[in-house]
Structure formats: C-alpha cells, structure tokens
Amino acid sequence: MGSTPVVNISMHHYGEEPSISGDTSSGGSGAVFFEGCPLKCLFCQNYAISRGTTRRGEKYDWNRLSDLFLKLQEEGVNNINLVTALHFAPDIALSLEKARNHGLSIPVIVNSGGYESVETLKLLDGLVDVYLPDMKVWSDKLAKELFNAPNYREIACKTLEEMYRQTGPVVINDSGFIQKGMIVRHLMLPSQLFDTKKVLDYLTSTFGNNIYISLMSQYTQMPHLDKINCPEYLRKSLKPSHYNSAVDYLIELNQYNAYIQGDESVGDSMIPDFK
C-alpha cells in the first residue's frame, strides 16, 4: 500500500454496535474506511477495498487526515472510527496527535482485524480510546486455510491483550455511548461452532465482563467467492441453530456484556457503498 494512508470513503455510519453508532437520531459513527489490510480473508465483506489492488480512494497524509477528523466532529458524529487503518500506523498516530491538539474531543475508535504487532499498537498508546478488534478464529488450521496466517491466534491474543492494557475496562456514558475500552467482534462462520466456542472460552476467561463481546451472525456469501478457490463451507449459510447455541454458551459463561444480532443482519445492507 505504501506509507501514505488511502481513504476510500468517510461517512456517518449506522451499522456498528449500538454503543458506537447509536440510532438514526444521533450523528452515527464517523467512520473512515481505509484501503488495504494486513490480512486477506477469503470471506471478507469489504473485499472491494481490502485487497489494495484497485486504488479507488484518495491519499490522505497525516495533516489532511487530521482535518477530516475535525470535520466529522463538527458534523456531529459520536466518535471517530478508523476502519482497518493500522497498516498506516505512523501517519495515523501523527494525525490523531495533531487533531487532539486542535480540539478533537470525541472518542477515537480503531477497528482492526486483530492481526497487529504490539510495537505498532504502542505508537497509538494514549491516542486511542476504544479498540474494536476481531478475534476471527482459534484454530491454526483454519487461520492457514482462510487467510494464510497460521500464527493468527498467537498474534491476535497478544494484540487484544495490548489493546486492553491501553484502554482498560469498558466505560459507557449516560447516553449509552462507549467512551473507553474494547469491544471484540467474532463473526461466526458456517460449520465452525466448535471453533467459536474456543474463541469465546479465551475471551471470557481472559477479559470477562471488562470488555464487550460482539457475537456476529451476519456472515454473507460474497459474490467474489464464486470466482476463487475456497473451502466449500464458505459457500453455505450460518445455521441459526449454531448461532443460538453460541449465544447460549455465552450465557453459560456468565458474559453479560455482549451484543448479539438478528436475522436481518445477513446480507449486504450494512456494507457501505465503496468507491
């Protein structure tokens, strides 16, 4: 991707968790979608921009990024939400520092696939209020098969633990919006209930209700899957019974700081209209 951030789209986004987006009566989340990604998940729902092969966005150096954050704040968003930004970490850090010095006062959220280095994250220590990482899979075999990162679990555990060290337990204000802390997303994949339970075991035993767990049912068979070699289960739908079983498992683990999704989340309704 190069060192200069490439922004595909910035928007008032209402497709995030309730404590991030609010409802349509609020300003939404000030989401900035960056092109490229440290991973290449076969099932990626942002496939149009994550590969970095078709540069449809614009280059934003750290000065211009800072101005964008302040503009979104002026428009009334609830937070600044940087989506898949950490492969541009040096410029992200500079832009946030400048924006803070020029009046940025709303929470900053970093939305990540969970595959980052601790050294990268330390560049953002003190500049990020909320981390929104994925914990995609537990199995090394699945990680190899789905995004060619057999060390994903090892890296992701270190990533999440450093993120939590920086932010501490979740803080929600009186209006219901997150101010500090970590929300960990887990997108359930078809036929992988056992692996999901392993992820939930780790998250609850390590962080418990000091974080929120977002258990996602929105797996959608994206059109590009018809054009690539991929495991056959990615061409299937997530069974509602598997999702309900995972929700029950979260309850058994006494995790009450959690988000769950309904059937309406499946499909492309929450995928932005990328350039």
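Accessible surface of Val6, taken over heavy atoms with a 1.4 Å probe and every protein chain present, rounds to 10 Å². Extending 7 Å from Cα along the Cβ direction at Ser241 and again at Val118 yields two label points whose distance is 4.3 nm. Shape class of region 127-172 from the Cα gyration tensor (axes a ≥ b ≥ c, square roots of the eigenvalues): prolate, since a/c reaches 1.5 or more and a/b is larger than b/c. Checked against a 21 Å cut-off, the cross-linked pairs Lys136/Lys236; Lys98/Lys136; Lys40/Lys122; Lys141/Lys197; Lys158/Lys198; Lys40/Lys98 give Cα-Cα distances beyond that limit for Lys98/Lys136; Lys40/Lys122; Lys40/Lys98. Of all aspartates and glutamates in the structure, those lying under 13 Å Cα to Cα from Lys239, and not within fewer than 8 positions of it along the same chain, are Asp263. Per-residue 3J(HN,Hα) values for region 113-122, derived from phi via the Karplus relation 6.51 cos²θ - 1.76 cosθ + 1.60 with θ = phi - 60°, read x, x, 10, 10, 8, 4, 4, 4, 4, 5 Hz in sequence order (x marks Gly and Pro).
Compared with the dominant Cα axis of the chain, that is its longest principal axis, helix 193-206 is turned about 50°. Here, P(r) means the percent of Cα pairs in each 5 Å bin from 0 to the largest distance; for region 99-176 it is 3, 14, 23, 19, 16, 12, 7, 4, 2, 0.
To the nearest 20 Debye, how big is the dipole of the chain about its Cα centre, given +1 on the beta carbon of each Lys and Arg and -1 on that of each Asp and Glu?
With Lys and Arg at +1 and Asp and Glu at -1, about 680 debye.
Taking Cα centre as origin and charging only the Cβ of basic (Lys, Arg, +1) and acidic (Asp, Glu, -1) residues, the dipole magnitude of region 8-154 rounds to 480 debye.
Using just its DSSP H runs of length 4 or more, each adding -39500 (n - 2.57), the chain gives a mean residue ellipticity at 222 nm of -9500 deg cm²/dmol after division by all residues. Modelled spin-label separation between Ser205 and His224, with each label point placed 7 Å from Cα along the Cα-to-Cβ direction: 3.5 nm. Here the peptides 12-18, 25-31 are ranked by packing, the mean other Cβ count within 10 Å, and the order with the highest first is 25-31, 12-18. Lys/Arg Cβ at +1, Asp/Glu Cβ at -1, dipole of the chain taken about the Cα centre: which of Gln255, Ile20, Val7 is farthest positive-ward? The one lying farthest along the dipole's positive direction is Val7. Across region 249-254, computed HN-Hα scalar couplings (Karplus, 6.51 cos²θ - 1.76 cosθ + 1.60, θ = phi - 60°) run 5, 4, 5, 4, 7, 6 Hz from first to last residue, x flagging Gly and Pro.
Surface exposure of the chain, expressed per residue as accessible area with a 1.4 Å probe, stands at 44 Å².
Taking amide hydrogens as placed 1.01 Å from N in the peptide plane, the amide H of Gln261 sits under 5 Å from those of Ser217, each at least 5 positions away in sequence or on another chain.
Using heavy atoms of the protein chains and a probe of 1.4 Å, the accessible area assigned to Lys239 is about 120 Å².
The values are calculated or read from the model by the stated rules, or taken from the named source; none is laboratory data. Here the structure is a predicted model, which means the values were calculated and not measured. So basically every Cβ, Gly included, is an ideal-geometry build from the backbone, and we count neighbours across all protein chains shown. Calculation scope for accessible area: heavy atoms of the full protein, side chains included, ligands and nucleic acids excluded. Shrake-Rupley method; radii C 1.70, N 1.55, O 1.52, S 1.80 Å.
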